[in-house]
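Structure record follows, encoded as structure tokens.
The values are calculated or read from the model by the stated rules, or taken from the named source; none is laboratory data. The model shown is predicted, which means the values in this text are computed figures rather than measured ones. Here the Cβ is made from the backbone with ideal geometry for all residues, glycine too, and neighbour counts use every protein chain on show.
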Amino acid sequence: MFLSYLRRRLAFAGIALFGAILVAFLVAHLVPADPLAVVLSDTATKDPSIRAAYMKRWGLDRPLPEQFFFYLANVLHGDLGESFTTRRPVIRDLAQFLPVTIELSFAAFTVSVIFGIPLGVWAALRHNRSADHAARLISLVGAASPIFWTGLIALYIFYYILRWAPGPGQLDPHLARPPAVTGFLLVDSLIAGRVDAFLSALGHIILPALVLGWFILGLTARTTRSALLEVLGADYLRTARAKGLGERRVIGLHALRNALIPVLTVAGLAFASLLSGAVLTETVFAWPGIGRYAVTAATRLDYPAILGVTLLTAVIYIAVNFVVDLLYGVLDPRIRV
Amino acid sequence: MAGEARPLAISGPLDLTRPARWGRVRRSTALWVGAVIVGAWALIAAVGPLLAPYSPLDLDVMNRLEPPSMRHLFGTDESGRDNFSRVVYGARITIPVAFGVIVVASIFGVGVGAVSGYAGGRVDEVLMRVVDVVLAFPSIVLAMAITAALGPGLPHAMLAIVLVGWAEYGRLMRGQTLAVKANDYVLAARALGAPAWRVLLRHVLPNAFPPAVVKATLDMGGAIILIAALSFIGLGAVPPAPEWGAMIAAGQSKFEYWWVATFPGLAILSVVLGFNFLGDGLQDLLNPRLRND
């Protein structure tokens with residue numbers, strides 16, 4: 001039965017992926033000018049031999065539906081065209097910039113869990129009292145702040161006035177980057193044995209991670225709160241108390257463990273929305289990930305790059321959703337039907 | 001793919017020591033706070049020219065980047081324009097634009113969702129797969145791509161947000177329509193021979209759409225942030241226009257002139273908070289069962 005559930009989820013993911021490629025294709029055809037402008041740089045579009053080669057490769061001499069299948073085949077082979085700004089294949093740019101974004105998202109995710117879960121527990125235990133309202137206000141303000149502005153304000157306070165945090169960027173300017181092995185700067189500097197680079201990178205990631213983490217902290221806190229409220233009246237907690245366990249053990253060991261299942265899945269989904277929050281955070285903090293790459297591409301009308309990022313984020317989102325759906329299926333057998 | 005299996009059943013509180021109406025009083029506080037904030041901003045947008053002491057576009061090079069003072073409440077920007085007047089005029093851009101975007105997106109999404117839910121079968125399957133695909137893109141990224149493809153500018157940014165935003169309404173309304181469709185009065189109307197469009201418009205829609213109104217209110221905040229974000233990046237409103245996101249972009253990296261970016265940001269924060277409160281309160285009013293605590 002689980003196999004058929006798995007098959008259906010996989011089919012859904014496949015359809016969504018196909019649709020996402022179709023959407024990217026359609027967006028590319030919104031561009032009113034030369035269709036080759038979507039894959040080629042300015043100077044290259046003027047060279048007739050390059051033009052002819054690309055026309056053939058992207059099937060641009062064919063009718064539109066047929067063009068789509070060329071596009072589909074190219075995308076599935078990892079050919080997303082060439083960025084005008086970096087003059088490299090988009091797929092190589094993405095491979096370089098994605099780990100940088102994942103590193104930041106992961107740090108922000110950690111922040112949201114470290115602060116969000118205790119905040120949610122605190123709010124649930126003080127249900128409807130001032131602590132609960134305070135927690136609610138914190139998450140409401142977090143959800144209502146434009147993240148690019150929060151980032152600027154954080155930089156202003158912690159970098160410009162207090163000098164607690166280093167400025168924008170991933171590393172102090174005078175430090176050389178360690179050779180890229182994994183693409184994750186923190187990991188790479190450890191591999192290279194560069195403690196100075198590691199500490200600098202750690203210092204630089206804290207502020208953007210806090211800003212981005214606050215963005216989803218509300219979600220984590222609210223989910224923890226309602227999930228914990230739901231189990232607080234459960235019989236097994238009464239039993240745990242009856243056998244004389246301290247309140248700390250009852251909440252920490254028995255209640256939280258059961259409450260965290262929905263929290264983890266919601267947090268998994270939030271990871272996908274972290275990626276979109278990262279777009280603007282990276283712009284403010286001069287963080288060289290796919291978000292800043294996308295913004296630069298969009299403002300310079302670098303279509304292959306922006307479509308590459310668009311497609312990549314959709315693929316990540318679809319993949320995360322697929323995993324979350326599977327997790328649900330594993331955790332709650334009723335859903336498999 | 002997403003959507004069907006999302007059974008985060010969040011039931012009501014089990015706290016029996018406090019009477020339930022406490023929650024309601026608190027929620028209606030949210031409703032009132034939200035209504036007051038949103039009302040105040042609507043008023044500011046309406047009477048903007050009377051409130052603003054200066055034109056939002058007049059240059060005054062002698063008084064560039066002046067800190068806040070009695071003459072310039074929020075200081076001046078890099079061209080000596082009065083920041084307070086610009087924040088006030090910004091409300092006249094952002095609020096109507098967000099409203100327009102949400103109205104169009106929600107009407108389209110509600111239409112698609114209602115047809116999908118009422119028709120069922122193949123139509124439903126196809127429409128919902130389309131919804132899934134649109135929802136698979138992070139909204140800011142897809143909106144950026146569409147705006148870039150169409151060419152930067154506020155009208156294109158609006159169109160992009162509509163194209164990104166309708167899908168959630170589609171999914172919401174489909175579920176609503178399915179629930180309402182099962183009612184006896186719908187069956188009765190159909191048995192009396194009413195044509196499908198009439199059943200849908202007269203019987204199903206009026207009973208199915210209230211949650212879409214709540215969602216639209218909550219989404220106003222999201223739309224305002226998205227418009228500001230696109231303008232911040234440089235794809236939305238064009239620079240001299242007093243749009244909040246564009247104003248924040250102008251104050252970026254000018255740390256010693258903090259007032260340039262701070263005040264438009266506070267404007268966004270307050271108006272979005274207002275709409276979120278209002279939406280939360282409306283949610284409780286229209287459907288107490290959905291109260292999210």
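Values computed for the structure shown
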| quantity | calculated |
| --- | --- |
| Output for the stretch A:276-317, where each listed residue is of a type in the set (A, V, I, L, M) and outside any helix (DSSP H, G or I) | A:A286, A:L301 |
| Some residue of the stretch A:230-240 being in contact (Cβ under 8 Å) with a residue 12 or more places away in the chain, of a type in the set (S, T, Y), surrounded by 22 or more Cβ atoms within 10 Å (Cβ to Cβ) and more than 30 Å from A:L190 (Cβ to Cβ) | no |
| Residue match in the stretch B:114-134 (condition: at the interface with chain A (Cβ under 8 Å from one of its Cβ atoms), assigned to a loop (DSSP other than H, G, I, E, B) and not polar (S, T, N, Q)) | no |
| The stretch B:179-190 - residue that is of a type in the set (A, V, I, L, M, F, W, C) and surrounded by 15 or more Cβ atoms within 10 Å (Cβ to Cβ) and, of those, nearest to B:V115 (Cα to Cα) | B:V180 |
| Sole exception among (1) within 18 Å of the chain's Cα centre (by Cα); (2) surrounded by 24 or more Cβ atoms within 10 Å (Cβ to Cβ) for B:A246, by number | (1) |
| Residues (closer than 22 Å to B:V260 by Cβ, in a helix (DSSP H, G or I) and at the interface with another protein chain (Cβ under 9 Å from one of its Cβ atoms)) located in the stretch A:142-177 | A:A144, A:I147, A:F148, A:W149, A:T150, A:L152, A:I153, A:L155, A:Y156, A:Y159, A:Y160, A:I161 |
| Top-ranked residue in the stretch A:313-329 [being more than 9 Å from chain B (Cβ to nearest Cβ) and touching a residue at least 60 places away in the same chain (Cβ under 8 Å); ranked as nearest to A:T150 (Cα to Cα)] | A:A319 |
| Top-ranked residue of the stretch A:131-141 - restricted to ones that are crowded, with 19+ Cβ neighbours inside 10 Å and more than 10 Å from every other protein chain (Cβ to nearest Cβ), ranked as nearest to A:A278 (Cα to Cα) | A:S139 |
| Subset of the stretch B:150-175 (residues that are crowded, with 21+ Cβ neighbours inside 10 Å, among the aliphatic types (A, V, I, L, M) and more than 16 Å from the chain's Cα centre (by Cα)) | B:M173 |
| Test: A:A154 is more than 30 Å from A:L311 (Cα to Cα) and in contact (Cβ under 8 Å) with a residue 40 or more places away in the chain | yes |
| Lone unmet requirement of (1) of a type in the set (S, T, Y); (2) within 24 Å of the chain's Cα centre (by Cα); (3) farther than 30 Å from A:P168 by Cα for A:T239 | (2) |
| Tally, over the stretch B:191-210, of residues that are surrounded by 15 or more Cβ atoms within 10 Å (Cβ to Cβ), in a helix (DSSP H, G or I) and among the aliphatic types (A, V, I, L, M) | 5 |
| One residue from B:G193, B:G251, B:G281, B:G234 being on the phi > 0 side of the Ramachandran plot, over 14 Å from the mean Cα position of the chain (by Cα) and touching a residue at least 24 places away in the same chain (Cβ under 8 Å) | B:G234 |
| From A:I206, A:I191, residue being of a type in the set (A, V, I, L, M) and either within 19 Å of the chain's Cα centre (by Cα) or surrounded by 16 or more Cβ atoms within 10 Å (Cβ to Cβ) (or both) | A:I206 |
| Number of positions in the stretch B:197-239 that are of a type in the set (G, A, S), at pLDDT below 85 and over 22 Å from B:A105 (Cα atoms) | 0 |
| Per-region count, the stretch B:231-254, residues more than 9 Å from chain A (Cβ to nearest Cβ) and either touching a His at 6+ places or on another chain (Cβ under 9 Å) or assigned to a helix (DSSP H, G or I) (or both) | 5 |
| In the stretch A:52-96, the residues that are hydrophobic (A, V, I, L, M, F, W, C), buried (at least 16 other Cβ atoms within 10 Å of the Cβ) and in contact with a Gly (Cβ under 8 Å, 6 or more places away or on another chain) | A:F70, A:L80, A:V90, A:I91, A:L94 |
| Unmet requirement for B:I37, which otherwise passes all of (1) at pLDDT 80 or above; (2) assigned to a helix (DSSP H, G or I); (3) more than 23 Å from B:I224 (Cα to Cα) | (3) |
| Residue match in the stretch A:330-337 (condition: assigned to a loop (DSSP other than H, G, I, E, B) and at pLDDT below 85) | yes |
| Subset of the stretch B:255-286 [crowded, with 22+ Cβ neighbours inside 10 Å, touching a Leu at 6+ places or on another chain (Cβ under 8 Å) and facing chain A (nearest Cβ under 8 Å)] | B:A261, B:G265, B:N276, B:F277 |
| Condition check for B:M62: part of a helix (DSSP H, G or I) and more than 28 Å from the chain's Cα centre (by Cα) | yes |
| A:G252, sole failed condition from (1) within 13 Å of another protein chain (Cβ to nearest Cβ); (2) modelled with pLDDT under 80; (3) more than 29 Å from A:L155 (Cα to Cα) | (1) |
| Meets criteria (part of a helix (DSSP H, G or I), without any contact (Cβ under 8 Å) to a residue 24 or more places away in the chain and over 15 Å from the mean Cα position of the chain (by Cα)) for A:R222 | no |
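So that you can scan it fast, the table gives a plain yes or no per residue for (1) farther than 22 Å from B:A157 by Cβ; (2) touching a Pro at 6+ places or on another chain (Cβ under 6 Å); (3) of a type in the set (A, V, I, L, M); (4) touching a residue at least 12 places away in the same chain (Cβ under 8 Å):
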position	(1), (2), (3), (4)
B:P68	yes, no, no, yes
B:F74	yes, yes, no, yes
B:S79	yes, no, no, yes
B:D82	yes, no, no, yes
B:G90	no, yes, no, yes
B:T94	no, no, no, yes
B:V101	no, no, yes, yes
B:V110	yes, no, yes, yes
B:G113	yes, no, no, yes
